[in-house]
Amino acid sequence: MLVTVAFGLVLPIAAGLWQTGRAGVGVLPAIGATELSLVPLRDLIALPGFSTALRLTLVTGLGATALSILLAVGVCAAMHGRMSARASGRLLTPFLAAPHAAMAIGLAFLLSPSGWIARALAPLAGWDRPPMLATVNDPGGVALILGLTVKEVPFLLLVILSALSQIPVREHLAAGRSLGYGRGLVWIKVIMPQVWPLIRLPVMVVLAYSLSVVDMALILGPSNPPTLAVLLLRLFTAPDIGLMLPASAGALVQALLVAAAFAVLSLLERAGRVLGRWWVRRGGRGLSAEPGLWMATVLSALLFAAGALAMLSLLIWSFAWRWPWPGFLPDSWSLRAWSTPGSGWAAALGNTLILAVATTALSLALAIAWLEGEDRARRGRAGWAEALIYLPLLVPQIGFLFGLNVLFLRLGLTGGYTAVIWAQALFVFPYVMIALSDPWRALDPRLVRAAGSLGAGPWRRLFTVKLPVLLTPILTAAAIGVAVSVAQYLPTLFMGAGRIATLTTEAVTLSSSSDRRVTGVYATLQAGLPIAAYGAAFLIPALLHRNRRSLQAGGAA
Amino acid sequence: MTLELQEVAVAPKGARPLFPPITLTVRPGEVATVMGPSGIGKSTLLDAVGGHLAHGFTLSGSIRLDGRDLSPLPPEARRIGLMFQDAVLFPHLSVGDNLAFGLARSARGRAARRAAVETALDRAGLADLYDRDPATLSGGQRSRAALMRTLLAEPRALLLDEPFSKLDTTLRDDLRAFTFAHIRDRGIPALMVTHDPADAEAAGGTVIELTECTPQGSRTGCPHHMRRRNPDPA
């Protein structure tokens, strides 16, 4: 079982990287290139805007990651203990569920010179036409950093909250404060060093993602020159197939960039350990970190507000008809954008649903099989297996997807649902697995033993005890799977050979068009689908277990 | 039916055994007790007998039930019932369905099975609680339901893991009497681990006391000392 999953995950990534790597040094027999050389790399470096693209990638990727970590840690320190886990979970869910592309489109609607914020300011500033400001697609990448941060802060908050539940925070906080340290200092000196090992992998996922994001960078990022990942996508999809060679070299650069960022992170961690020890031993209590915590909280609240308004603006635009500047709301409303499903959104919705259901079911089945396999072997997970699960989230997508596409083309798999399902499952499976592992292990082992001592064999124990008791986490994992599947842009685009149109691929394409109503429809559906999945994951167990107190939310299961 | 432990010891991988080898015969209807401080491996001993030993533990010696070696059997084939300190009813099933889960396959037919469960509920003073959510039962009710669930599976031996420690004193006496009476009735051997000397007293069977290894203890046989009372009550 483990071996199957390992091959399903590792093989495509390794093969994809190998193919991309070969093409990066000039070997791509499919287009007649067989000579090993550094020409592709030289061509890439000679491309206009390459160095700017590199700089933009580093600034946006590292900037968004650092900002997100600071904000998330600050919010946790300021708000921990003041908000119940359930309430914060419910608050975070819509932000986690909304795909990056939908959030980016909504933010563009909100921030653009003709967007909501400018409209709100227009009467005050006396603007009689949209101001000439590059607030979206700005050459510095500020809008992209903002967009990434809106999505990454909730993710990191969730990760930190779950790490904190494994640490006696209240006791350590009380102990630290009774020794004369302020709240913020205890967080920095005592709590965070314990949290960090538990969130290191998720932070690396955020880092890798921010450095190689494509869909959000297309919508919010600078366009000329764009970030490296977008530049590579343009090269890969250019009519001149000769450009595939420098593009592959670029994919290698991208992968190296991420690897270098991981190395820097590990160096920072080591430096932090040394400096931190020195700092702790000095015993300084004077510094107050409170203002920093509150600033982080206020900034995060603003980010959450922007995210909520962004999603609202998607919905409003999809129903708007006449909406002239500088009206705060549309003059007239219309169902016209929604009333023509035949124009494409019905087909895209159908494709999206098929892919989401198939990849989620596949990933869930594999995850349950893996976890049950661990149970039956009566052993925990080896460290390498844990790393394996994270692997697809740590390697930049564009680096191996192109090579995998070349491979699939040769096998004749490209362009079909199978190829897209497999490629999406590479990213859905890890999230499903991560979401399900902790609740699965937290299941009271005595339940299973009691069932065994009553004569129930392993299959009956699985189907009549484990799965029903774990219904809530299983459905939550499924909802996460749906959200991840719906959000996939690059795997769908590459493996579907552009023939399988989903809400995400269409929304990204439409985002550069002028008709915000149609874009609004696609982006609303794209955000609505995962949110509906989360809703179902909440309602179904509540309904089925309405007479089972210990299985309801908050109960001790 | 007789439960026989012959030189049974359990060791974590690469470490010394948790307790010195235990040799013990539990006759039909007898409740033998193993006592000792927490962390000494009492529950691990029950895991070994029930077949629930975690990966990484090695079992030495032999465990026989009615002369049959249990070691090759998975837990579900051993037919050894298990009682925990807090009942551990399945939270997703109603009280009655918990019992039905346990009820042996030999009871056939919907009506017959339902009747068997109703009878058992009745005997446990739980009549009319078939459809109740187990989470809404009192501690004593839950323990009785768990015992009935275990007995309906027609076990050939019973393991009790501090079954009464979470109940208050009056309830504890009641439930002890209730449980031991059922064990005698069935004529099955039972092995109980507990902290409470009163449990051992009431059980009336063989008592094995495991004590922590102390520096002085090394003279009397480290790592643990074993004391046996009522070696042969006959």
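What's log10 of I(q)/I(0) for chain A at q = 0.09 Å⁻¹, Debye sum over Cα points only, no solvent?
-0.73
Straight-line reach from residue B:166: which aspartates and glutamates have a Cα under 15 Å away, not including same-chain ones fewer than 8 places off?
Once the sequence-local aspartates and glutamates are set aside, what remains near residue B:166 is B:86, B:174, B:196, B:199.
May I ask you to derive the FRET efficiency for residue A:509 and residue A:34 from their Cβ-Cβ distance with R0 = 35 Å, giving the value to the nearest 0.05?
Numbers: r = 35 Å, r/R0 = 1.00.
In this case the efficiency is close to 0.50.
If you place +1 on the Cβ of every Lys and Arg, -1 on the Cβ of every Asp and Glu, and leave all else neutral, what size is the dipole of the range A:49-334 about its Cα centre, to the nearest 20 Debye? Present the calculation step by step, with values, prior to reporting the outcome.
Working: 20 positive and 9 negative charges, 241 e Å.
The dipole of the range A:49-334 has a size of about 1160 debye.
If Lys and Arg each add +1 and Asp and Glu each add -1, what is the summed charge of the other residues whose beta carbon sits under 14 Å from the beta carbon of residue A:97? Don't skip to the end; give the middle numbers.
Working: positive: A:90, A:151; negative: none.
Value of the local net charge: +2.
Extension gain residue A:11-residue A:346, at 0.36 nm per residue separation less the Cα-Cα distance, in nm? Walk me through the numbers before you get to the answer.
Numbers: separation 335, 0.36 × 335 = 120.60 nm, distance 3.49 nm.
So the extension gain works out to 117.1 nm.
Run the helix sum for chain B: -39,500 (n - 2.57) per DSSP H stretch of 4+ residues, divided by residue count, reported at 222 nm to the nearest 500 deg cm²/dmol. The partial results should precede the final answer.
On the way: 7 runs with 74 residues, N = 234.
Result for chain B, helices only: -9500 deg cm²/dmol.
What FRET efficiency would be calculated for the residue pair residue A:322, residue A:382, taking the C-beta separation as r and a Förster radius of 56 Å, to the nearest 0.05? Could you put the intermediate results ahead of the total?
Numbers: r = 62 Å, r/R0 = 1.10.
In this case the efficiency is close to 0.35.
At 7 Å along Cα-to-Cβ for each site, give me the label-to-label distance between residue A:200 and residue A:166 in nm.
So the two model labels end up 1.2 nm from each other.
Do you know the relative contact order of chain A, to the nearest whole percent, from alpha carbon pairs under 8 angstrom that are 6+ apart? Spell out each step's value before the answer.
Numbers: 772 pairs, mean separation 131.4, N = 557.
Once normalised by length, the contact order is 24 percent.
Please report the net charge: other residues with Cβ closer than 15 Å to the Cβ of residue A:230, K and R +1, D and E -1.
Here the count lands on 0.
Between the range B:30-69 and the range B:174-196, what is the separation of their alpha carbon centroids in Å?
17 Å
Provide a list, ordered by number, of residues in the range A:448-496 showing at least 40 Å² less accessible area with every protein chain present than when their chain is taken on its own, using a 1.4 Å probe.
The answer is A:449, A:450, A:453, A:454, A:460 - residues whose exposure falls by at least 40 Å² when every protein chain is included.
Quick one: the Cα spread of the range A:181-303 along its three principal axes, in angstroms, biggest first?
Extents along the principal axes, in whole Å: 63, 33, 22.
Could you pull out every one of the lysines with an alpha carbon less than 29 Å from that of residue A:151, ignoring same-chain neighbours closer than 8 positions?
Qualifying lysines at Cα under 29 Å: A:189.
Kirkwood-based Rg over Rh for the range A:266-331 (C-alpha set), two decimals?
Working: Rg = 22.9 Å, Rh = 16.5 Å.
Across the range A:266-331, the Cα-based Rg/Rh ratio is 1.38.
Using label points projected 7 Å from each Cα along Cα→Cβ, tell me how many nm separate residue A:83 and residue A:312, to one decimal.
If labels sit at residue A:83 and residue A:312, their model points lie 1.8 nm apart.
Per 5 Å bin from zero, what fraction in whole % of the C-alpha pairs of the range B:1-160 is there, up to the bin with the longest pair?
Computed distribution, short to long bins: 2, 8, 16, 18, 16, 14, 12, 8, 4, 1, 0.
Over 24 Å apart: what share of the alpha carbon pairs of the range A:49-334 falls there, rounded to a whole percent?
Values: 23799 of 40755 pairs.
Beyond 24 Å sits 58 percent of the P(r) for the range A:49-334.
Among A:158, A:476, A:145, flag the residue with its Cα farthest along the positive direction of the charge dipole of the protein assembly as shown, charges on Cβ as +1 for Lys/Arg and -1 for Asp/Glu.
Of the candidates, A:158 comes out farthest on the positive side.
Enter the accessible area per residue of the protein assembly as shown (Å², integer; probe 1.4 Å; all protein chains in place). Mind dumping the intermediate values first?
Numbers: 34610 Å² over 791 residues.
About 44 Å² of surface per residue is accessible.
Just going by the charge dipole of the range A:49-334, with Lys and Arg at +1 and Asp and Glu at -1 on Cβ, which of A:118, A:291, A:248 is farthest out on the positive end?
A:291
I need two numbers for the range A:265-413: Rg to one decimal and Dmax as a whole number, Cα atoms only, in Å.
In order Rg, Dmax, the Cα atoms of the range A:265-413 give 25.8, 69 Å.
Mind checking which lysines have their Cα closer than 23 Å to the Cα of residue B:13? Skip sequence neighbours fewer than 8 apart in that chain.
Those lysines meeting the cut-off are B:42.
Based on the Cβ-Cβ distance from residue A:260 to residue B:173, what FRET efficiency comes out when R0 is 56 Å, to the nearest 0.05? Spell out each step's value before the answer.
Details: r = 70 Å, r/R0 = 1.25.
According to the calculation, E is roughly 0.20.
Determine the percent antiparallel among the DSSP beta bridges restricted to chain B, to the nearest 5. Walk me through the numbers before you get to the answer.
Values: 19 of 35 bridges.
Expressed as a percentage, antiparallel bridges in chain B total about 55.
Mind jotting down the distance between the C-alpha centroids of the range A:20-80 and the range A:344-379, whole Å?
If you average the Cα positions of each part, the centres end up 30 Å apart.
How large are Rg and Dmax for the range A:339-557 when only the alpha carbon atoms are used, in Å?
My reading of the Cα-based Rg and Dmax gives 19.8, 66 Å.
Hey, any idea what % of the protein assembly as shown's accessible area is carbon plus sulfur with a 1.4 Å probe? Working shown, then result.
Values: 21970 of 34610 Å².
So the carbon and sulfur contribution to the accessible surface is 63 percent.
Once the other residues with Cβ under 11 Å from the Cβ of residue A:489 are scored (Lys, Arg +1; Asp, Glu -1), what is the net sum? Let's see the in-between values first.
Values: positive: none; negative: A:215, A:506.
Residues close to residue A:489 contribute a combined charge of -2.
Treating the range B:172-214 as a set of equal point scatterers at the Cα positions, no solvent, please give the Debye-formula log₁₀ I(q)/I(0) at q = 0.17, 0.20, 0.29, 0.33 Å⁻¹.
Values, matching the q order: -0.51, -0.67, -1.19, -1.36.
Where nothing but the Cβ of Lys and Arg (+1) and of Asp and Glu (-1) is charged, how large is the charge dipole of chain A around its Cα centre, in debye to the nearest 20?
Details: 40 positive and 19 negative charges, 378 e Å.
For this selection, approximately 1820 debye.
For the range B:104-121 and the range A:517-544, compute the distance between their C-alpha centroids and round to whole Å.
44 Å
Rounded to the nearest 100 Å², what's the accessible area chains B and A bury against each other, both chains counted, probe 1.4 Å? Kindly include the intermediate steps, with their values, before the conclusion.
Working: alone 11500 and 25630 Å², together 34610 Å².
Using a 1.4 Å probe, the pair buries roughly 2500 Å².
Would you calculate a helix-derived [θ] at 222 nm for chain A, using -39,500 (n - 2.57) for each DSSP H run of n ≥ 4 and dividing by the full residue count, to the nearest 500? Walk me through the numbers on the way to the answer.
Numbers: 23 runs with 393 residues, N = 557.
Taking each H run of at least 4 residues, the total per residue is -23500 deg cm²/dmol.
Compute from the Cα atoms of the range A:62-172 the Rg and the Dmax, the latter being the longest Cα-Cα distance, and quote both in angstrom.
Considering the range A:62-172 through its Cα atoms, Rg and Dmax are 17.5, 58 Å.
When the expected Rg is taken as 2.2 N^0.38 Å, what fraction or multiple of it is the alpha-carbon Rg of the range A:1-101? Don't skip to the answer; put the middle values down first.
On the way: Rg = 22.1 Å, N = 101, 2.2 N^0.38 = 12.7 Å.
Normalised by 2.2 N^0.38 Å, the Cα Rg of the range A:1-101 equals 1.74.
The values are calculated or read from the model by the stated rules, or taken from the named source; none is laboratory data. Remember, predicted model here, so these are calculated numbers, not experimental data. In this analysis, Cβ positions are derived from the backbone assuming ideal geometry, glycine residues included, and neighbour counts consider all displayed protein chains. Accessible surface is based on the protein model in full, side chains and every heavy atom, while ligands, DNA and RNA are left aside. Shrake-Rupley method; radii C 1.70, N 1.55, O 1.52, S 1.80 Å.
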